[in-house]
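The values are calculated or read from the model by the stated rules, or taken from the named source; none is laboratory data. Computed from a predicted structure; not experimentally measured. For neighbour counting, all protein chains shown are included, and Cβ atoms are generated from backbone atoms with ideal geometry for every residue, glycine included. For accessibility, only protein heavy atoms count, side chains too; no ligands or nucleic acids. Shrake-Rupley method; radii C 1.70, N 1.55, O 1.52, S 1.80 Å.
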Amino acid sequence: MTNKNHLTTSWGAPVGDNQNSITAGSRGPTLIQDVHLLEKLAHFNRERVPERVVHAKGAGAHGYFEVTNDVSKHTKAGFLSEVGKRTPLFVRFSTVAGENGSADTVRDPRGFAVKFYTEEGNYDLVGNNTPVFFIRDAIKFPDFIHTQKRDPKTHLKNPTAVWDFWSLSPESLHQVSILMSDRGIPATFRHMHGFGSHTFKWVNADGDGVWIKYHFKTEQGVANLAPDVAAKIAGDNPDYHTEDLFNAIEKGDFPAWKLYVQIMPLEDANTYRFDPFDVTKVWSQKDYPLIEVGRMVLDKNPENYFAEVEQATFSPGTLVPGIDVSPDKMLQGRLFAYSDAHRYRVGANHQALPINRPKKEVNNYQRDGQMRFDSNGGGSVYYEPNSFGGPKETPENKQAAYPVYGVAESVGYEHNDHYTQAGDLYRLLSEEERSRLVNTIVDAMKPVEKEEIKLRQIQHFYKADPDYGKRIADGLGLAVPQEAL
Ligand code: NDP
């Protein structure tokens with residue numbers, strides 16, 4: 001009989017020696033019959049699951065969400081049904097482009113993914129710390145990310161590829177401007193806002209919908225790192241943000257965010273001055289002011305990083321009744337890509353792992369698959385429809401219907417003003433912020449190998465605001481091109 005202090009093999013048998021392998025005499029060779037040694041080495045070889053292609057480096061924490069304002073007239077989502085209602089959640093913050101061991105304090109958007117364990121199943125809000133994105137059609141995502149990753153020949157980051165893609169994809173200008181601004185390097189995960197970025201739909205108990213956008217506002221205040229400070233920290237302590245989050249929670253300094261939504265009546269989407277589903281645009285808060293919803297507090301660190309953070313799987317398609325998607329083309333692509341990534345990375349049964357499984361019961365007819373470690377439905381009925389009392393659909397939970405129009409073809413959004421909002425951002429910055437933004441862009445563009453790329457990109461900045469473009473051109477020792485490139 002073993003007890004808790006007795007080391008066992010993975011099949012539960014007591015281990016007699018964990019320091020010396022079985023060898024033929026004290027010089028060896030080692031005998032293949034040492035199955036404890038074989039199992040130990042073989043398991044070690046399999047300790048890593050594939051790294052996330054994006055958002056590989058991250059930190060997570062548990063917490064709760066509490067409703068502070070009654071929004072039940074807009075959504076029937078149970079976890080938002082009454083003021084004071086609390087829902088447990090898990091959050092993962094991350095950088096995007098770097099590998100699992102890369103430095104935290106780089107210039108990069110930050111992932112801001114929240115899993116609400118609601119009474120009606122899990123709801124994942126898989127956002128970033130920026131309100132917009134670089135592209136607005138998922139078909140461009142693999143190409144975009146290739147430019148952010150390593151060059152296939154040099155295995156180095158390639159600024160020419162980065163700016164080539166951006167200059168040829170002017171819809172990126174708004175997000176590029178945010179990324180290159182002071183907020184491109186947050187001081188910590190605690191000192192940044194979070195955004196759902198896409199448009200989503202809320203549906204109420206009468207089946208009436210509204211379009212919404214989510215904003216998490218940090219209660220710690222926005223704070224950023226100057227590039228030289230960030231670069232020094234990246235060398236001294238590449239895990240700076242991970243450590244900061246862990247230590248803050250460990251000492252009881254629980255970070256918190258207020259959640260707000262912007263609400264747009266459905267019919268406004270047809271008449272708004274640009275396409276509100278385009279994720280490269282914000283909805284002006286002058287048109288759609290922020291409405292408070294609740295408060296998120298992170299108050300518990302994970303006990304085990306791999307089990308809870310590395311195996312956590314978030315998908316924008318993990319929705320609950322009362323919350324639907326919008327036609328946003330980037331969101332539509334993510335509905336497939338995220339769950340697909342998790343099936344590849346963690347397995348077909350990833351949603352059954354403790355960190356991912358809902359707090360409520362799961363009743364369906366999915367069976368088997370690799371690593372099915374629960375009872376797999378036992379002997380219960382395994383098909384539908386059936387005459388044996390198996391679980392049935394509840395029609396009141398069907399997705400709200402909405403009309404769609406159009407001719408099926410490969411076609412872009414109709415609105416192509418990529419400049420006004422990037423310019424609005426530039427114009428809302430102080431002179432000091434503008435000057436740091438320009439310097440950051442000039443430094444980032446200097447290594448670009450082709451002048452044509454620099455000139456094309458300068459033109460975009462110029463169209464956003466002539467002062468913006470002119471200063472970048474001056475910094476690069478170039479003139480703003482007069483003819484379209
Ligand atoms: P508003 O003046 O109503 O809102 C400005 C927004 O910009 C606020 O959300 C504010 O949030 C944020 N902001 C303030 N300073 C900075 C900064 N240095 N860097 C980035 N964001 C900042 O104007 P509009 O809603 O019409 O938007 C104008 C521009 O503001 C947009 O083109 C966009 O670039 C930017 N913005 C807009 C957001 C939106 O949802 N409408 C969200 C974030 C940015 P806070 O003070 O809390 O940081």
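For ALA77, neighbours were defined as the other residues whose beta-carbon sits under 11 Å from its Cβ, and their charges (Lys and Arg +1, Asp and Glu -1) total -1. Tell me the accessible surface of TYR462 in square angstrom (1.4 angstrom probe, heavy atoms of protein chains only), to the nearest ten. Surface accessible to solvent at TYR462 totals approximately 90 Å².
In the range 431-445, which residues have a backbone nitrogen under 18 Å from the label point lying 7 Å from ALA226's Cα in the Cα-to-Cβ direction? Once the point is set 7 Å along Cα→Cβ of ALA226, 431-444 turn out to lie under 18 Å by backbone N, inside the range 431-445.
If R0 equals 30 Å, the separation of the Cβ atoms of LYS286 and ASP70 corresponds to a calculated FRET efficiency of about 0.80. Taking each of LYS4/LYS251; LYS40/LYS300; LYS232/LYS446; LYS76/LYS360; LYS217/LYS281 in turn, the alpha-carbon distance tops 27 angstrom for LYS4/LYS251; LYS40/LYS300.
Solvent-accessible surface of the chain, averaged per residue with a 1.4 angstrom probe and all protein chains in place: 52 square angstrom.
In order along the range 352-366, phi translates into HN-Hα couplings of 8, 5, x, 6, 9, 6, x, 6, 8, 5, 9, 10, 8, 10, 6 Hz, rounded to whole numbers, per the Karplus curve 6.51 cos²θ - 1.76 cosθ + 1.60 with θ = phi - 60° and x for Gly and Pro.
With a 1.4 Å probe and every protein chain kept in, tell me what percent of the accessible surface of the range 20-104 is carbon plus sulfur. After summing per-atom areas, the C and S share lands at 55 percent. Calculate the length of the line joining the C-alpha centroid of the range 445-475 to that of the range 48-75, in whole Å. Taking the Cα centre of each part, the range 445-475 and the range 48-75 sit 37 Å apart. Taking the three principal axes of the alpha carbon atoms in the range 135-185, the coordinate ranges are 30, 27, 15 Å, sorted in descending order.
Counted residue by residue at 0.36 nm each, then reduced by the alpha carbon distance between them, the extension gain from GLU409 to LYS40 reaches 127.4 nm. Using the average count of surrounding beta-carbon atoms within 10 Å as a protection proxy, the listed peptides 315-324, 230-239 rank, highest first, as 315-324, 230-239.
Accessible surface ranking for ARG107, ARG150, ARG183, ARG52, 1.4 angstrom probe, highest first: ARG183, ARG150, ARG107, ARG52.
Amide H to amide H distances under 5 Å link VAL293 with LEU259, TYR260, VAL261, where only residues 5 or more positions off or on other chains count and H is placed in the peptide plane. Counted by Cβ distance under 13 Å from ASN397, the other residues give a net charge of -1, where Lys and Arg count +1 and Asp and Glu count -1. Taking the protein heavy atoms of the range 200-279 in the context of the full set of protein chains, the accessible area attributed to carbon and sulfur is 49 percent at 1.4 Å.
The length gained by stretching the chain between GLU384 and LEU31 to full extension, at 0.36 nm per residue less their Cα-Cα distance, is 121.8 nm. Only protein heavy atoms count here; on that basis, with a 1.4 Å probe, GLU384 has an accessible area of about 80 Å². Packing-based ranking of 276-284, 161-169, 42-50 yields 276-284, 161-169, 42-50, ordered from highest to lowest mean Cβ neighbour count within 10 Å. Note that the range 369-383 has calculated 3J(HN,Hα) couplings of x, 4, 6, 7, 9, 9, 7, 6, x, x, x, 6, 4, 10, 8 Hz, one per residue in order, obtained from phi through the Karplus relation 6.51 cos²θ - 1.76 cosθ + 1.60 (θ = phi - 60°); glycine and proline are x. Dividing the summed -39500 (n - 2.57) terms of all DSSP H runs of n ≥ 4 by the residue count of the chain sets its mean residue ellipticity at 222 nm at -7500 deg cm²/dmol.
Electrostatic tally near LYS286: other residues with Cβ closer than 15 Å to its Cβ, Lys and Arg +1, Asp and Glu -1, net +1. Dividing the radius of gyration of the alpha carbons in the range 420-484 by their Kirkwood radius gives 0.95 for Rg/Rh. Structural descriptor for the chain: relative contact order 17 percent, calculated from alpha carbon pairs under 8 angstrom and at least 6 residues apart. Tell me, what is a quarter of the convex hull surface for the C-alpha atoms of the range 25-361, in nm² with one decimal? Its Cα hull, projected and averaged over all orientations, spans 21.8 nm².
Partners of LYS470 within straight-line reach, counting aspartates and glutamates whose Cα lies under 17 Å from its Cα and excluding those fewer than 8 residues away in the same chain: ASP424, GLU431, GLU432, GLU433, ASP443, GLU451, GLU452, GLU483. Couplings 3J(HN,Hα) for the range 57-72, derived from phi with the Karplus relation 6.51 cos²θ - 1.76 cosθ + 1.60 (θ = phi - 60°), are 9, x, 9, x, 7, 8, x, 8, 10, 10, 6, 10, 9, 6, 10, 5 Hz, where x marks Gly and Pro.
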